[in-house]
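Report on the structure given below.
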Amino acid sequence: MNTPLRPRLLGPALIAGLLLAAGGPVFADAPATIDGAAIYEENCATCHRRGKAGAIPLTDTAAWSARVKEHGRDQLVARAIKGFSTPAGDEMPSRGGNDDLTDAQVAAAVDHIIRQTTAPATP
């Protein structure tokens, strides 16, 4: 006996297929109501203020500009959400070690870092 596909199962499968076809998720800009600076201070500054465990210090604008240019905002957000290991063996924990942060909060913290470390293009 053939059982028809349930429509509720097609939605997630279709979304997953579209994300894979598009190369992965695209993270929307963080809502203006989320304070990326506060999230950075509470969760990211411990490592990024002084470059602990291989983290790029917030004051190293040249390194951050290069990183943003190389990877782009969405990739940086994805890395901050998932965590990653550097070739040198240093590790950034997912969500800066705070699993309670939402994707939007992590994106807001990344946006804060980008605003603080990359100069706007001059004409």
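Among (1) touching a helix residue (DSSP H, G or I) at 6+ places or on another chain (Cβ under 7 Å); (2) under 20 Å from ALA108 (Cβ atoms); (3) acidic (Asp, Glu), which single condition is GLU42 missing?
All conditions are met except number (1).
What are the residue pairs meeting all of these: first residue in the range 34-49, first residue within 13 Å of ARG95 (Cβ to Cβ) and aliphatic (A, V, I, L, M), second residue at pLDDT 95 or above and surrounded by 15 or more Cβ atoms within 10 Å (Cβ to Cβ), Cβ atoms under 6 Å, and 6 or more apart or on different chains?
ILE39/GLN105; ILE39/ALA108; ILE39/ALA109
Name the residue, out of ALA32, ALA38, ALA21, that is loosely packed, with under 10 Cβ neighbours inside 10 Å, of a type in the set (Gly, Ala, Ser), modelled with pLDDT of 50 or more and more than 15 Å from the chain's Cα centre (by Cα).
Numbers: ALA38 fails: loosely packed, with under 10 Cβ neighbours inside 10 Å; ALA21 fails: modelled with pLDDT of 50 or more.
Of the residues listed, the single one that is loosely packed, with under 10 Cβ neighbours inside 10 Å, of a type in the set (Gly, Ala, Ser), modelled with pLDDT of 50 or more and more than 15 Å from the chain's Cα centre (by Cα) is ALA32.
Return the total of residues in the range 66-114 being in a helix (DSSP H, G or I) and either surrounded by 13 or more Cβ atoms within 10 Å (Cβ to Cβ) or in contact (Cβ under 8 Å) with a residue 12 or more places away in the chain (or both).
Here the count works out to 30.
Among the candidates SER65, SER85, single out the residue that is touching a strand residue (DSSP E or B) at 6+ places or on another chain (Cβ under 7 Å), farther than 15 Å from THR46 by Cα and among the hydroxyl-bearing types (Ser, Thr, Tyr). Reasoning before the result, please.
On the way: SER65 fails: touching a strand residue (DSSP E or B) at 6+ places or on another chain (Cβ under 7 Å).
Within the list SER65, SER85, the selection yields SER85.
Of all residues in the range 66-92, which are among the polar types (S, T, N, Q) and over 15 Å from VAL110 (Cα atoms)?
Kept after step one, since they are among the polar types (S, T, N, Q), are these residues of the range 66-92: 75, 85-86.
Across the range 66-92, the qualifying residues are SER85, THR86.
Can you name the residue in the range 50-62 that is of a type in the set (Gly, Ala, Ser) and touching a residue at least 12 places away in the same chain (Cβ under 8 Å) and, of all such residues, is surrounded by the most Cβ atoms within 10 Å (Cβ to Cβ)?
Going through the range 50-62, the residues of a type in the set (Gly, Ala, Ser) turn out to be 51, 53-55, 62.
Okay, now just the ones that are also touching a residue at least 12 places away in the same chain (Cβ under 8 Å), so 53-55.
On the way: ALA53: 13, GLY54: 14, ALA55: 19.
Filtering first and then ranking leaves ALA55.
Can you tell me which residue among THR46, THR33, THR59 is out of contact with any Ser or Thr (no Cβ under 6 Å at 6 or more places or on another chain), of a type in the set (Ser, Thr, Tyr), over 16 Å from THR118 (Cβ atoms) and in a loop (DSSP other than H, G, I, E, B)?
Values: THR46 fails: in a loop (DSSP other than H, G, I, E, B); THR59 fails: over 16 Å from THR118 (Cβ atoms).
Exactly one residue qualifies, and that residue is THR33.
The values are calculated or read from the model by the stated rules, or taken from the named source; none is laboratory data. Because the structure is predicted, anything quoted here is derived from the model rather than measured. We place every Cβ from the backbone using ideal geometry, glycine too, and count neighbours over all the protein chains shown.
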